[in-house]
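See structure below.
The values are calculated or read from the model by the stated rules, or taken from the named source; none is laboratory data. Please read all numbers here as calculations on a predicted model, not as lab measurements. Neighbour counts run over all protein chains shown; Cβ positions are idealised from the backbone, glycine included. Accessible surface areas use protein heavy atoms only, side chains included; no ligands, DNA or RNA. Shrake-Rupley method; radii C 1.70, N 1.55, O 1.52, S 1.80 Å.
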Protein chains: 4
Amino acid sequence: MALVVEKTTSGREYKVKDMTQADFGHLEIPAINVNDSVTKSKFDNLYGCRHSLPDGLMRATDVMIAGKVAVVAGYGDVGKGCAAALKQAGARVIVTEIDPICALQALMEGLQVQTLEDAVSEADIFVTTTGNKDIIMVDHMRKMKNNAIISNIGHFDNEIDMHGLETYPGVKRITIKPQTDRWVFPDTNSGIIVLAEGRLMNLGCATGHPSFVMSCSFTNQVIAQLELWKEKGSGKYEKKVYVLPKHLDEKVAALHLGKLGARLTKLRKDQSDYISIPIEGPYKPAHYRY
Amino acid sequence: MALVVEKTTSGREYKVKDMTQADFGHLEIPAINVNDSVTKSKFDNLYGCRHSLPDGLMRATDVMIAGKVAVVAGYGDVGKGCAAALKQAGARVIVTEIDPICALQALMEGLQVQTLEDAVSEADIFVTTTGNKDIIMVDHMRKMKNNAIISNIGHFDNEIDMHGLETYPGVKRITIKPQTDRWVFPDTNSGIIVLAEGRLMNLGCATGHPSFVMSCSFTNQVIAQLELWKEKGSGKYEKKVYVLPKHLDEKVAALHLGKLGARLTKLRKDQSDYISIPIEGPYKPAHYRY
Amino acid sequence: MALVVEKTTSGREYKVKDMTQADFGHLEIPAINVNDSVTKSKFDNLYGCRHSLPDGLMRATDVMIAGKVAVVAGYGDVGKGCAAALKQAGARVIVTEIDPICALQALMEGLQVQTLEDAVSEADIFVTTTGNKDIIMVDHMRKMKNNAIISNIGHFDNEIDMHGLETYPGVKRITIKPQTDRWVFPDTNSGIIVLAEGRLMNLGCATGHPSFVMSCSFTNQVIAQLELWKEKGSGKYEKKVYVLPKHLDEKVAALHLGKLGARLTKLRKDQSDYISIPIEGPYKPAHYRY
Amino acid sequence: MALVVEKTTSGREYKVKDMTQADFGHLEIPAINVNDSVTKSKFDNLYGCRHSLPDGLMRATDVMIAGKVAVVAGYGDVGKGCAAALKQAGARVIVTEIDPICALQALMEGLQVQTLEDAVSEADIFVTTTGNKDIIMVDHMRKMKNNAIISNIGHFDNEIDMHGLETYPGVKRITIKPQTDRWVFPDTNSGIIVLAEGRLMNLGCATGHPSFVMSCSFTNQVIAQLELWKEKGSGKYEKKVYVLPKHLDEKVAALHLGKLGARLTKLRKDQSDYISIPIEGPYKPAHYRY
């Protein structure tokens, strides 16, 4: 019997790493972590959110994104997708990051890297994508512009301090429509708009990722299960957590090219020999970053 | 004494992998492969080429990029940078790829994925970025539009079949200026423009990468040498090839943030505990793809 | 009493021109055509559609735009907005045009300019923005890929040959949800998705333009009405159709800058003299194209 | 004998307007102002500068544009091209404007609109495109970061206060290479880089616009001369300054489509009747803004 771990809470890579490297002596069966497939993490997280973040924003608020200042907390795959979508829609995007490499990537795309404290009172739209907790606290919210929009597309609803907001003395919640609430602070009479009660806004306010990108994710899961089933007696997989083998990751991508009218180039034998890559792949080493 | 391997020929990841995994019993000293640092491969290769490809094209040919059809052979880091630059300058970009994952990435950016044979007679600009040999052959060149521009920014000059071109019966070479040659085929009287004699066009026709991105690459080398020197007696490094430890890769990035006015966010203790990431980093597992 | 003409059917500029130039001796009152204000035509049509086209597509179909081939018929202000939105979302965009100037503009943005016949069987998404009739005929629809999406954001529902579709022998209409129908051809058993029954898809499938851009349009109307009222006895306006005076067009824009945190520069007296432009504007001549 | 006015100093539209509207009784011959052709002002100024601004920057300084903060003074056609090029290359762009409509356009593209005073000490690259004088004064320069780059692509060298700089007490000029000077202030020992001595940097530091866009401009001139010659005895043109007739402006564009592989759509007779536009054009009214 096969177990497949589907892990979608971005930013928690360390736990995944712990799992893949630890001795899972207590694991009863082998498992494949498909969240770390390229065709999952770089597709679902990046391209999926690039689509579904503006979708959620528009369905929930009908706000014009062009001309606005948006803060994206976190610039991992999810944050990259969100920042790209907002920038392309005409917003000016400010990124917050703890990781200097991701921060430098944001800068290379023309995005400003600031702390939340720097930007809190000038931004119109806030999106959390960190996979960490307590990113936007109620004290931040009180300093925001009237009708600033706060949403989370990272992991749990604790990226936004919903508890602090709900228990703020005298705060008033006005439900504009399901999944879209305006919260008014008594002292300033100024309000903020919170999407999906702080939970994943693309699920709460839109319909999640589009089917094409989910097809990549689900194909990962099915192919992983088939692989575990096929190899169930071979001893290829011990009772550990693996990432999907590269050639299967590539197969997931290959299965989706036809729909988009792409035509792949074939390696010739002499080219294959020259770069020591098999004609049928895998074409990249495990650590390749895409 | 420390050895640092600086490897810049993109696309040859397999050989790097071989080196890092093989038993380098014959290696006299430990070594660090800085080519696979994030702040090298994702910066020098990607952002460097995004800058220096159009720079080389403009200096060599003064051609207007907007409105042209450009073929980028290969969509690794170098190809991604080149395709982004050409698209942003207003070209319509067609990508050729052997790797279905990279091909799908190109499609997600709105690029067309075709074979060279499909596109050879409609494109105005060709760029090779594959790290493989014999990508554009003399038979391709003969089918190109008059004054199509051919350039290589991948690795050696064998990405372009210079030998086939030079020995083509009756072909005529007209040097427009140093590093920019027009080659005329006797049968069609039609010519192509070859940059930098098929060698790296950003070096041959422009001044290579800008100093900021090279600073990232050189900082990698210096930090690697310092690390090897510091640990020379500690036994931390055996006589193998290593990648730069993640915290040093992050340090390279951190050293470059101030120049660009960025302000990093600091993890709080409770946040650090929550995601099991040290406050001072490293912030990502080794396999993280950025 | 004031009459304000609000004209929103893009592409019909000729009729507007006829009106503004003709002797409207039969007009009982002066009128201002605010559709030709810059802050209407270049904002509502361009930025409004850039926002509401993907909004409508996503709400109606949840289709992933990235990787798809999209045909935009017409590259006026509406078409420019639609093409920009689709390109930015990761589609490959093909433009159809009758006007060589607009066609050349499309090319300068890296878009392909083809006829509908060239592209009909390879595209996934079709958008009409022409202001003309009979752009996508039922014969085109029959050649489209299965589940190609057809929508109109131009003017009336006659841009798409709804009559031809509805009366096609044996065609079957399957309503997926209100404003989203799949039409299946009996001979091929292949279907197309028609949005909003061929009417304006941003109104039918989403909520139209966002409030910020509509505020620009409505401010035009109000300011035009105030101007006509103020000048009702002055003889400034005869019984003709006028465009909004430039200084009022600029006032519309100025009223919207504060919301977006912009800070305008002031001309100094000597600069004003140097370029013969009043310090308070208007800053451009009537024919300026922005 | 024909006179053709070629006017390239952007931002001076008022003077052009004066000329086209004034009674040029003293004009000995009819003239056509081709600067206001769409295929000149919207092509040469916009797309030309989008190409030649980064070209000039890279040739003069080899500076990495990605990650930098750039100030573009003026957001007319030239400014729009410059801002687009800098943004696409990965800079964060701040626009200064006096005209609220152009300012709002900048905001809609995600650019920040500030005064020069706001941005002077945080920017790395300054570009003047205003067509006005005294935009960047020596007092601004003294507040800039060390090695900030100052360049003008607008009109005369008085957009930048070269006189103030040259006569600043104790200032030291270090010529890095022709057309690239570092000026060091004695009090701060900090220096700025001035390109092309404040004159047009794309001409001084690069080779000006690429031939394709100049071909549009020159075709305008030739067609204007042919038109004046053809009509020299017909009385069509009085001794005034005209803009190029729309159908000739469209002809300029049409002549450039083939090179880029475009295929135009033809109006059908019934479509032509429906929108009252001749099959052969002109397709837009004179005031259309493109």
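Yes/no per residue for (1) within 18 Å of the chain's Cα centre (by Cα); (2) at positive phi; (3) surrounded by fewer than 19 Cβ atoms within 10 Å (Cβ to Cβ):
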| site | (1), (2), (3) |
| --- | --- |
| D:207 | yes, no, yes |
| D:210 | yes, no, no |
| D:224 | no, no, no |
| D:238 | no, no, yes |
| D:247 | no, no, yes |
| D:260 | no, no, no |
| D:269 | no, no, yes |
| D:272 | no, no, yes |
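Given the structure, is residue A:235 modelled with pLDDT under 95 and more than 7 Å from every other protein chain (Cβ to nearest Cβ)? Even if it seems obvious, please write down each step before you answer.
Numbers: modelled with pLDDT under 95: yes; more than 7 Å from every other protein chain (Cβ to nearest Cβ): yes.
Against the criterion (modelled with pLDDT under 95 and more than 7 Å from every other protein chain (Cβ to nearest Cβ)), residue A:235 qualifies.
How about the stretch C:159-181: which of its residues are open to solvent by 70 Å² or more (accessible area, probe 1.4 Å) and in a helix (DSSP H, G or I)?
The answer is C:163, C:166.
Do any residues in the stretch C:217-233 that are not assigned by the TED database to the domain that holds residue C:244 have Cβ atoms under 9 Å from those of residues that are open to solvent by 90 Å² or more (accessible area, probe 1.4 Å), where the two are at least six apart or on different chains, and which pairs are they?
Nothing qualifies.
If you go through the stretch D:63-78 one residue at a time, do you hit one that is facing chain C (nearest Cβ under 10 Å), touching a helix residue (DSSP H, G or I) at 6+ places or on another chain (Cβ under 6 Å) and at pLDDT 95 or above?
The answer is yes, given that some residue of the stretch D:63-78 is facing chain C (nearest Cβ under 10 Å), touching a helix residue (DSSP H, G or I) at 6+ places or on another chain (Cβ under 6 Å) and at pLDDT 95 or above.
Please find, within the stretch C:28-61, the residue that is farthest from the other protein chains (Cβ to nearest Cβ) out of those that are part of a loop (DSSP other than H, G, I, E, B) and in contact with an Asp or Glu (Cβ under 7 Å, 6 or more places away or on another chain). Even if it seems obvious, please write down each step before you answer.
Initial filter on the stretch C:28-61 (part of a loop (DSSP other than H, G, I, E, B)): C:28-30, C:37.
Okay, now just the ones that are also in contact with an Asp or Glu (Cβ under 7 Å, 6 or more places away or on another chain), so C:30, C:37.
Numbers: C:30: 19, C:37: 10 Å.
Within the stretch C:28-61, the match that is farthest from the other protein chains (Cβ to nearest Cβ) is C:30.
Could you say which residue among A:184, A:95 is open to solvent by 10 Å² or more (accessible area, probe 1.4 Å) and of a type in the set (A, V, I, L, M)?
Within the list A:184, A:95, the selection yields A:184.
What number of residues within the stretch B:62-97 satisfy the criterion of being touching a residue at least 24 places away in the same chain (Cβ under 8 Å), part of a loop (DSSP other than H, G, I, E, B) and within 30 Å of residue A:287 (Cβ to Cβ)?
Result for the stretch B:62-97: 3.
Within the stretch C:192-203, is there a residue that is hydrophobic (A, V, I, L, M, F, W, C), open to solvent by 10 Å² or more (accessible area, probe 1.4 Å), assigned by the TED database to the domain that holds residue C:162 and over 21 Å from the mean Cα position of the chain (by Cα)?
Checked the stretch C:192-203: at least one residue is hydrophobic (A, V, I, L, M, F, W, C), open to solvent by 10 Å² or more (accessible area, probe 1.4 Å), assigned by the TED database to the domain that holds residue C:162 and over 21 Å from the mean Cα position of the chain (by Cα).
For residue D:288, are the conditions met, namely being in a loop (DSSP other than H, G, I, E, B), of a type outside the set (Asp, Glu), in contact with a helix residue (DSSP H, G or I) (Cβ under 8 Å, 6 or more places away or on another chain) and surrounded by 17 or more Cβ atoms within 10 Å (Cβ to Cβ)?
Details: in a loop (DSSP other than H, G, I, E, B): yes; of a type outside the set (Asp, Glu): yes; in contact with a helix residue (DSSP H, G or I) (Cβ under 8 Å, 6 or more places away or on another chain): yes; surrounded by 17 or more Cβ atoms within 10 Å (Cβ to Cβ): yes.
Answer is yes for this residue.
How many of the residues in the stretch A:247-266 are at the interface with chain B (Cβ under 7 Å from one of its Cβ atoms), in a helix (DSSP H, G or I) and either without any contact (Cβ under 8 Å) to a residue 12 or more places away in the chain or under 23 Å from residue B:128 (Cβ atoms) (or both)?
Looking only at that region, the number is 5.
Looking at D:226, D:203, can you tell me which residue is within 14 Å of chain B (Cβ to nearest Cβ), assigned to a helix (DSSP H, G or I) and more than 28 Å from residue C:42 (Cα to Cα)? Talk me through it step by step, then tell me what you get.
Values: D:226 fails: within 14 Å of chain B (Cβ to nearest Cβ).
Every option except D:203 fails the conditions.
Which of the residues that make up the stretch B:83-117 are of a type in the set (Asp, Glu) and within 14 Å of chain D (Cβ to nearest Cβ)? Lay out the reasoning, then the answer.
Narrowing the stretch B:83-117 to residues of a type in the set (Asp, Glu): B:97, B:99, B:109, B:117.
If the condition is that a residue be of a type in the set (Asp, Glu) and within 14 Å of chain D (Cβ to nearest Cβ), then B:109 is the only one that fits.
Output the residues belonging to the stretch A:111-128 that are touching a Lys or Arg at 6+ places or on another chain (Cβ under 9 Å) and either under 15 Å from residue A:99 (Cα atoms) or part of a loop (DSSP other than H, G, I, E, B) (or both).
A:111, A:112, A:113, A:114, A:115, A:120, A:121, A:122, A:123, A:124
Being open to solvent by 10 Å² or more (accessible area, probe 1.4 Å) and either not acidic (Asp, Glu) or not assigned by the TED database to the domain that holds residue C:149 (or both) narrows it down to one of C:72, C:63, C:34, so name that one.
Details: C:72 fails: open to solvent by 10 Å² or more (accessible area, probe 1.4 Å); C:34 fails: open to solvent by 10 Å² or more (accessible area, probe 1.4 Å).
So the residue among C:72, C:63, C:34 that is open to solvent by 10 Å² or more (accessible area, probe 1.4 Å) and either not acidic (Asp, Glu) or not assigned by the TED database to the domain that holds residue C:149 (or both) is C:63.
Give me the pairs: first residue in the stretch C:185-207 and under 17 Å from residue C:156 (Cα atoms), second residue surrounded by fewer than 20 Cβ atoms within 10 Å (Cβ to Cβ) and small (Gly, Ala, Ser), beta-carbon distance under 7 Å, and six or more apart or on different chains, which are they?
C:202/C:208
Looking only at the stretch C:129-158, which residues are part of a helix (DSSP H, G or I) and in contact with a helix residue (DSSP H, G or I) (Cβ under 7 Å, 6 or more places away or on another chain)? Steps first, answer last, please.
Narrowing the stretch C:129-158 to residues part of a helix (DSSP H, G or I): C:138-143, C:157-158.
Result: C:138, C:140, C:141, C:157.
Scanning the stretch C:123-152 for residues that are among the β-branched types (Val, Ile, Thr) and within 11 Å of another protein chain (Cβ to nearest Cβ), which turns out surrounded by the fewest Cβ atoms within 10 Å (Cβ to Cβ)?
Of the residues in the stretch C:123-152, the ones among the β-branched types (Val, Ile, Thr) are C:125, C:127-130, C:135-136, C:138, C:149-150.
When the remaining residues are screened for being within 11 Å of another protein chain (Cβ to nearest Cβ), the result is C:130, C:135.
Details: C:130: 28, C:135: 23.
Only one residue fits best here, namely C:135.
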